[in-house]
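In what follows, a structure is listed as structure tokens, so that the remarks can point back to it.
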């Protein structure tokens, strides 16, 4: 099985320091990070939560495509996004408290009910959803579009 890796180099303390996240296995890029940008407006910097959202939306789209294809109704197109909320949990700790996955799809031969069912199955089967099982609230909003 493949192994993927990323790394972060960091200098300074939490509030005034900064770092660079590198997507090492793909060499797809390097992205600046700071805590103030993580906790506030991004201003051109990524955050761990944004990277989780990217991973979750990509994994979910692949999982949903697979579910629909296994049922004999492959999608023409899927547009998936994930919104990750960083907030305090019940214990008062910073945590990912909510993830909302939204997907619009064009899928010939499928009605809205079947699309929503496939989306729910895809969420449950998505590797990233399973890895994030500690997040209390992960939901899917699935909208079937006309072809």
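Values computed for the structure shown
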item	result
Scan of the range 81-93 for residues that are farther than 15 Å from residue 50 by Cβ and in contact with a helix residue (DSSP H, G or I) (Cβ under 9 Å, 6 or more places away or on another chain), ordered by number	none
Residue within the range 38-46 that is crowded, with 19+ Cβ neighbours inside 10 Å and in contact (Cβ under 8 Å) with a residue 40 or more places away in the chain present	no
The lone exception for residue 51 - which of (1) surrounded by 15 or more Cβ atoms within 10 Å (Cβ to Cβ); (2) closer than 18 Å to residue 130 by Cα; (3) in contact with a helix residue (DSSP H, G or I) (Cβ under 8 Å, 6 or more places away or on another chain) it fails	(3)
Members of the range 9-55 found to be closer than 18 Å to residue 87 by Cα and part of a helix (DSSP H, G or I), listed by number	35, 36, 37, 38, 39, 48, 49, 50, 51, 52, 53
Residue in the range 86-95 that is farther than 30 Å from residue 12 by Cβ, exposed (fewer than 14 other Cβ atoms within 10 Å of the Cβ) and either assigned by TED's automatic domain parsing to the domain that holds residue 121 or without any contact (Cβ under 8 Å) to a residue 12 or more places away in the chain (or both) present	yes
Any hit, the range 16-29, residues being over 20 Å from residue 137 (Cα atoms), assigned by TED's automatic domain parsing to the domain that holds residue 131, at pLDDT 95 or above and touching a strand residue (DSSP E or B) at 6+ places or on another chain (Cβ under 7 Å)	no
Output for the range 72-82, where each listed residue is touching a strand residue (DSSP E or B) at 6+ places or on another chain (Cβ under 9 Å) and surrounded by 15 or more Cβ atoms within 10 Å (Cβ to Cβ)	75, 78, 80, 81, 82
Test result for residue 69, surrounded by fewer than 19 Cβ atoms within 10 Å (Cβ to Cβ), in a helix (DSSP H, G or I), modelled with pLDDT of 95 or more and out of contact with any strand residue (DSSP E or B) (no Cβ under 8 Å at 6 or more places or on another chain)	yes
Breaking point among (1) out of contact with any strand residue (DSSP E or B) (no Cβ under 7 Å at 6 or more places or on another chain); (2) assigned to a helix (DSSP H, G or I); (3) under 29 Å from residue 22 (Cα atoms), for residue 113	(3)
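The values are calculated or read from the model by the stated rules, or taken from the named source; none is laboratory data. Predicted, not measured: the structure shown is a model, and the values here were computed from it. Positions of Cβ are backbone-derived with ideal geometry, glycine not excepted, and every protein chain shown enters the neighbour counts.
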